[in-house]
Amino acid sequence: MLCAKTAQAKNALDAQKMRGHDDGMKNARDVIDNIGRDAIAQKLGVALRRVDRARTEERIPASWYAGLCELVGQDLPRHFFTFKGLGADQ
C-alpha cells in the first residue's frame with residue numbers, strides 16, 4: 001500500500017502525463033522536482049537532506065534508479081544517475 005505522500009506524488013505525475021508533460025524531465029533536478037523530495041525520501045528511506053544534495057549536484061545515486069522509475073511509472077534516463085562507467089555526456 002502506498003503512503004499518502006507517495007500516492008500524492010504518483011497522482012501528480014499521472015496528471016502531468018495526461019497533460020502531455022511527462023517529457024519535461026530533462027535533467028536530474030527535474031526528476032526530483034517532478035516526483036517531490038518528500039515522496040522520494042519516503043520511498044527510498046533516505047533523509048530529505050540527501051535528496052536535496054542529489055538535486056543540487058544534479059546527480060542521483062544509482063541505487064535510487066529502480067525506486068524512482070517505479071514512482072514515475074517509466075524508465076528514466078540512466079545518465080541522470082551515478083552508474084559507474086557512465087559519463088555526463090552519455
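Every number in this text was worked out from the coordinates using simple rules, so none of it is lab data. Here the structure is a predicted model, which means the values were calculated and not measured.
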Seminar exercise, completed: Diffing the stretch 63-78: the Karplus 3J(HN,Hα) column from phi (6.51, -1.76, 1.60, θ = phi - 60°), in whole Hz with x for Gly and Pro, holds 5, 8, 3, 4, x, 6, 4, 5, 5, 8, x, 7, 6, 9, x, 5
For this session: Scan around residue 81 for amide H atoms under 5 Å from its own, H built in the peptide plane at 1.01 Å from N, and keep only partners 5 or more places away or cross-chain.
Result: 60
